[in-house]
There are 2 protein chains.
Amino acid sequence: MERVTLQTIADRVGVSRTTVSNAFSRPDQLNEELRRRILEVAGELGYPGPHPAARTLRRGRAGVIGVVFTETLSYAFADSYAVGFLRGLASVAEQSGTGVHLIGWPSPDLAEEVIGDAVVDGFCLFSPEGHPLVETVLRRRLPVVTVDYPYVEGVPFVGIEDRAAARRAAEHVLGLGHRRVAVLGVQPVVGRTNRDWLDLDRPGDLRFGAGRARLAGYRDACEDAGLEWKDVVLDRTANDRELARRAAARLLDADPRPTAVLAPTDEVAFAVLDVAAQRGIEVPRELSVIGFDDVPAAAPAGLTTVRQPITEKGTTAGRLLVEPPRGEAAPCVIMPTELVVRRTTAPPPDAGA
Amino acid sequence: MERVTLQTIADRVGVSRTTVSNAFSRPDQLNEELRRRILEVAGELGYPGPHPAARTLRRGRAGVIGVVFTETLSYAFADSYAVGFLRGLASVAEQSGTGVHLIGWPSPDLAEEVIGDAVVDGFCLFSPEGHPLVETVLRRRLPVVTVDYPYVEGVPFVGIEDRAAARRAAEHVLGLGHRRVAVLGVQPVVGRTNRDWLDLDRPGDLRFGAGRARLAGYRDACEDAGLEWKDVVLDRTANDRELARRAAARLLDADPRPTAVLAPTDEVAFAVLDVAAQRGIEVPRELSVIGFDDVPAAAPAGLTTVRQPITEKGTTAGRLLVEPPRGEAAPCVIMPTELVVRRTTAPPPDAGA
DNA sequence: CCCTAGTTCTGAATTGATTAAGAAGCGACC
DNA sequence: GGTCGCTTCTTAATCAATTCAGAACTAGGG
């Protein structure tokens with residue numbers, strides 16, 4: 001069976017290719033009767049409709065935006081924060097008939113290829129930890145929005161003040177009287193050298209993302225409260241429930257046990273709560289836990305956390321891509337955050353002592 | 001600034017367009033030294049790389065698969081089942097360097113347009129309720145996999161035996177001694193006429209999906225247990241936590257209150273648990289609740305439910321699209337399900353009476 | 001010296017549409 | 001009758017690449 005194109009139909013009906021094209025794309029340009037006949041013949045021949053790639057090529061518009069993740073897609077879908085963001089972005093995209101093309105990071109070279117081959121009108125870089133493929137994406141010379149990290153001069157940006165927000169979280173816990181505080185740093189899962197990752201004074205590079213910013217915020221608060229940062233129990237893990245559980249176990253099995261854990265994401269906070277429950281440690285009487293993000297599961301779990309407008313971040317990024325701003329000044333949207341006190345934080349057990 | 005294409009570079013370097021193309025796509029076809037020079041000039045001119053649409057057009061391959069949902073994308077991301085499925089599908093896609101293009105259903109005509117314009121090599125129809133756009137998708141004459149519903153002759157299919165699985169769920173509850181049983185039917189959110197939706201004997205059309213199949217399974221079990229289906233309290237809602245809460249409230253405020261609720265999705269079961277908690281109804285002592293799907297949140301909540309291999313469904317569908325089967329017989333994959341008894345089902349309070 | 005093979009590059013055809021410019025036909029108006 | 005404008009359709013150019021067949025050149029073997 002031959003391939004059916006506009007030309008095939010044109011020959012059959014005895015009109016020009018242009019007219020057939022118009023029958024599909026600009027009905028006002030031809031006689032209604034003729035149009036019906038063309039569509040009928042198209043149906044008979046099993047014509048699948050105008051070829052999208054050819055159309056895109058000619059029109060110079062794909063009607064799709066690409067979302068590039070720092071981790072594998074499988075991981076992105078396991079993360080409530082990422083899912084919430086996508087939810088927002090997808091909702092504005094689809095309302096304008098724009099598709100969403102997801103691009104993960106299975107391996108550096110594969111991702112590079114996929115980015116180069118993506119038929120899209122713009123990219124959103126969703127990268128809590130700074131994106132190693134920023135360069136690759138920028139090279140496409142399409143509209144781009146970065147979310148969270150990195151901030152690139154001249155590129156629209158959507159994010160929050162991670163450091164300040166984390167500081168407020170820590171202040172809340174310290175304000176309750178906690179002094180034996182533990183912190184869990186999160187770092188990306190996929191392979192990158194993470195040497196010195198916890199050294200907050202090291203100059204920031206692309207990898208200086210939300211994880212380190214939040215750590216820095218915790219440190220700010222601790223030092224203000226007269227705590228030495230080096231006295232704070234510090235461990236690190238990834239934003240993955242299972243891995244985080246292991247790190248949480250290390251913290252909670254320490255002697256003396258910390259009375260409060262600052263978790264830089266809710267996912268990690270949940271892991272701490274899991275392990276505490278396993279150990280029979282009562283929260284918040286014996287242990288305070290605070291998270292970050294306020295994912296949907298946080299409220300039912302009663303988790304004290306820092307709320308950031310997850311879905312709104314998505315809609316904002318989506319809008320910036322669906323209608324890229326024409327002016328010269330790239331918008332830099334900083335979203336508000338809010339401390340949400342629930343039932344996992346309380347004064348330490350020895351508060352009166 | 002002029003647009004930079006292969007030709008621009010070719011003219012600058014003084015070679016043919018073909019050679020420049022080879023420099024990017026087939027490095028073995030030209031001298032290493034020349035290639036370096038071409039790439040260098042490309043860099044100077046700010047060439048964004050071979051145009052993906054042109055490439056796709058010529059190659060006849062997009063390297064992307066489309067996933068079409070029955071609901072809005074925003075809804076898809078709110079549903080753990082959909083997210084789990086996507087997780088599986090995305091993981092196999094990205095491992096082969098294949099992109100994932102998401103298509104929601106904001107409005108019938110917009111969706112039709114988006115499907116026609118999607119630059120993809122195949123489609124996955126993800127549709128718990130039978131997809132109204134099956135025809136539109138099939139018209140593209142690309143490889144297709146339908147998931148759950150509908151089953152179309154000659155089109156690869158991935159699903160489970162909803163009816164049989166639901167029957168086993170109901171049998172579990174009835175086996176515990178429950179006789180005042182309530183059922184919550186789920187139906188799609190977006191606008192379609194739902195008249196007669198609960199009439200299970202009406203011949204199945206495209207809309208006859210998981211919701212009705214599960215209901216039918218409940219009925220099978222009830223009738224086997226000597227219960228009249230018309231005596232079973234039946235209400236319907238959507239697979240949305242908030243809407244389901246309202247329906248759950250109606251059920252639980254009834255007098256006499258049912259001792260067991262069969263929820264055809266975990267999401268609905270959670271809503272029932274929420275309302276029960278609000279009312280101070282003790283689960284499972286006063287009320288048994290059983291769900292369906294076994295989404296990740298089910299285990300921590302202790303929800304008794306029917307497990308279906310959500311992520312595996314995704315990987316299976318993904319594989320069928322990344323490497324479409326060449327043979328004539330379209331594969332029809334029926335996945336296994338399993339009753340998972342946890343802590344939300346028990347004998348009814350009046351069991352001894 | 002000739003023939004073959006291999007490397008490196010070119011020219012032309014091809015992929016499947018959209019679009020701008022223009023031609024033909026026809027009625028209305030002055 | 002001329003011309004203006006409208007509808008309807010066509011011609012040719014364009015979008016930006018890939019690919020196939022073949023040309024030019026070099027080197028090696030006989």
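Keeping to segment B:219-235, report how many residues are over 18 Å from B:Arg250 (Cβ atoms) and crowded, with 16+ Cβ neighbours inside 10 Å.
Total satisfying the criteria: 5.
From the list A:Val83, A:Val67, which residue is in a strand (DSSP E or B) and either of a type in the set (A, V, I, L, M, F, W, C) or in contact (Cβ under 8 Å) with a residue 60 or more places away in the chain (or both)?
Exactly one residue qualifies, and that residue is A:Val67.
Taking into account only those residues within segment A:29-57 that are within 23 Å of B:Thr136 (Cβ to Cβ), exposed (fewer than 13 other Cβ atoms within 10 Å of the Cβ) and charged (D, E, K, R), which is farthest from DNA strand D (Cβ to nearest atom)?
A:Glu44
Out of A:Val268, A:Val275, I need the residue that is surrounded by fewer than 24 Cβ atoms within 10 Å (Cβ to Cβ) and in contact with a Leu (Cβ under 6 Å, 6 or more places away or on another chain). Which one? Step through it out loud before you land on a result.
On the way: A:Val268 fails: surrounded by fewer than 24 Cβ atoms within 10 Å (Cβ to Cβ).
Only one candidate qualifies: A:Val275.
Yes or no: A:Pro156 touching a Gly at 6+ places or on another chain (Cβ under 7 Å), assigned by TED's automatic domain parsing to the domain that holds A:Thr72 and crowded, with 18+ Cβ neighbours inside 10 Å? Steps first, answer last, please.
Working: touching a Gly at 6+ places or on another chain (Cβ under 7 Å): no; assigned by TED's automatic domain parsing to the domain that holds A:Thr72: yes; crowded, with 18+ Cβ neighbours inside 10 Å: yes.
Answer is no for this residue.
Any idea how many residues of segment B:216-240 are over 20 Å from B:Gly177 (Cβ atoms) and in contact with a strand residue (DSSP E or B) (Cβ under 7 Å, 6 or more places away or on another chain)?
6
Out of the residues in segment A:1-28 meeting the condition of being within 47 Å of the chain's Cα centre (by Cα), in a loop (DSSP other than H, G, I, E, B) and not hydrophobic (A, V, I, L, M, F, W, C), tell me which one is nearest to B:Leu142 (Cα to Cα).
A:Arg3
Quick check on my filter: what residues within segment A:316-335 are farther than 18 Å from A:Leu142 by Cβ and crowded, with 19+ Cβ neighbours inside 10 Å?
Of everything in segment A:316-335, just one residue is farther than 18 Å from A:Leu142 by Cβ and crowded, with 19+ Cβ neighbours inside 10 Å, namely A:Thr316.
Those residues that are over 27 Å from A:Pro132 (Cβ atoms), facing chain B (nearest Cβ under 7 Å) and modelled with pLDDT under 95, I need them from segment A:57-73; list them, please.
A:Gly63
Residues in segment A:236-256 that are at pLDDT 85 or above and either aliphatic (A, V, I, L, M) or more than 12 Å from A:Val272 (Cα to Cα) (or both): how many?
Residues meeting the conditions: 10.
In the list B:Ala54, B:Ala82, B:Ala76, which residue meets the criterion of being aliphatic (A, V, I, L, M), at the interface with chain A (Cβ under 9 Å from one of its Cβ atoms) and closer than 23 Å to B:Val147 by Cβ?
Matching residue, one of B:Ala54, B:Ala82, B:Ala76: B:Ala76.
Go through segment A:58-74 and give me each residue that's at positive phi and surrounded by fewer than 20 Cβ atoms within 10 Å (Cβ to Cβ).
A:Gly60 - this is the single residue of segment A:58-74 that is at positive phi and surrounded by fewer than 20 Cβ atoms within 10 Å (Cβ to Cβ).
So A:Leu6 fits all but one of (1) away from DNA strand C (no atom under 11 Å from the Cβ); (2) buried (at least 21 other Cβ atoms within 10 Å of the Cβ); (3) not aromatic (Phe, Trp, Tyr); what number is the exception?
(1)
Out of contact with any helix residue (DSSP H, G or I) (no Cβ under 9 Å at 6 or more places or on another chain), at the interface with chain A (Cβ under 9 Å from one of its Cβ atoms) and under 25 Å from A:Ala118 (Cβ atoms): is that true of B:Glu94 in this structure?
Values: out of contact with any helix residue (DSSP H, G or I) (no Cβ under 9 Å at 6 or more places or on another chain): no; at the interface with chain A (Cβ under 9 Å from one of its Cβ atoms): yes; under 25 Å from A:Ala118 (Cβ atoms): yes.
Considered against the rule, which asks whether it is out of contact with any helix residue (DSSP H, G or I) (no Cβ under 9 Å at 6 or more places or on another chain), at the interface with chain A (Cβ under 9 Å from one of its Cβ atoms) and under 25 Å from A:Ala118 (Cβ atoms), B:Glu94 comes out as no.
Between a residue in segment B:6-18 that is away from chain A (no Cβ under 14 Å) and any residue that is in a loop (DSSP other than H, G, I, E, B) and within 8 Å of DNA strand C (Cβ to nearest atom), which pairs come within a Cβ distance under 8 Å, given they are 6 or more apart or on different chains?
Within 8 Å, the pairs are B:Ala10/B:Ser16.
Is it the case that B:Val137 is at the interface with another protein chain (Cβ under 8 Å from one of its Cβ atoms) and buried (at least 23 other Cβ atoms within 10 Å of the Cβ)?
Judged against the criteria, B:Val137 is not a match.
For segment A:12-28, which residues satisfy the criterion of being more than 10 Å from DNA strand D (Cβ to nearest atom) and surrounded by 13 or more Cβ atoms within 10 Å (Cβ to Cβ)?
Passing the criteria: A:Arg12, A:Phe24.
Tally up the residues in segment A:94-120 that are within 20 Å of B:Leu73 (Cβ to Cβ) and touching a residue at least 60 places away in the same chain (Cβ under 8 Å), please.
3
Please list, ordered by residue number, the strands (runs of 3 or more DSSP E) wholly in segment B:107-170 having 2 or more residues that are within 21 Å of B:Gly318 (Cα to Cα) and β-branched (Val, Ile, Thr).
Where strands (runs of 3 or more DSSP E) fall fully within segment B:107-170 and carry at least 2 residues being within 21 Å of B:Gly318 (Cα to Cα) and β-branched (Val, Ile, Thr), they are B:144-148, B:157-160.
The values are calculated or read from the model by the stated rules, or taken from the named source; none is laboratory data. Here the structure is a predicted model, which means the values were calculated and not measured. No Cβ is skipped: glycine too gets one built from the backbone with ideal geometry, and neighbour counts run over all protein chains shown.
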